[in-house]
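Asker: Before we start, here is the structure in question, set down as structure tokens.
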Amino acid sequence: MSDTMSEKEVYRCPLCGYKFTEDNVDKCSLCPMAKACDLIMCPNCSYEFPKSNKKERKAR
């Protein structure tokens, strides 16, 4: 049995600390920039922040 959280990229909200995968996020369906947008929204507090790659997160 595999753990889905470990297979997918896990994000941590910088505002509230909530951990989630992109599957837990509702897409901004009404926004015309949704496909090209590099922001991700926390499903817990609705804070939007830029996605960063793993190298950027390790440097923090």
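The values are calculated or read from the model by the stated rules, or taken from the named source; none is laboratory data. This structure is a prediction, so every number in the text was calculated from the model and none was measured. Surface areas here come from the heavy atoms of the whole protein model, side chains and all, with no ligands, DNA or RNA. Shrake-Rupley method; radii C 1.70, N 1.55, O 1.52, S 1.80 Å.
Asker: Within the stretch 17-27, take every residue that is part of a loop (DSSP other than H, G, I, E, B) and open to solvent by 60 Å² or more (accessible area, probe 1.4 Å) and give me the one that is modelled with the lowest pLDDT. First the steps, then the outcome.
Answerer: At the first step, the residues of the stretch 17-27 found to be part of a loop (DSSP other than H, G, I, E, B) are 17-18, 25-27.
If we keep only those that are open to solvent by 60 Å² or more (accessible area, probe 1.4 Å) as well, we get 18, 26-27.
Details: Tyr18: 96, Asp26: 72, Lys27: 67.
Across the stretch 17-27, the extreme among qualifying residues is Lys27.
Conditions (1) at pLDDT 75 or above; (2) in a loop (DSSP other than H, G, I, E, B); (3) open to solvent by 90 Å² or more (accessible area, probe 1.4 Å), marked per residue:
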position	(1), (2), (3)
Ser2	no, yes, no
Ser6	no, no, no
Pro32	yes, yes, yes
Lys35	yes, yes, yes
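Asker: I'm told Ser52 meets every condition in (1) at pLDDT below 85; (2) hydroxyl-bearing (Ser, Thr, Tyr); (3) open to solvent by 60 Å² or more (accessible area, probe 1.4 Å) except one. Can you identify the failing condition by its number?
Answerer: Unmet for Ser52, out of (1) at pLDDT below 85; (2) hydroxyl-bearing (Ser, Thr, Tyr); (3) open to solvent by 60 Å² or more (accessible area, probe 1.4 Å): (3).
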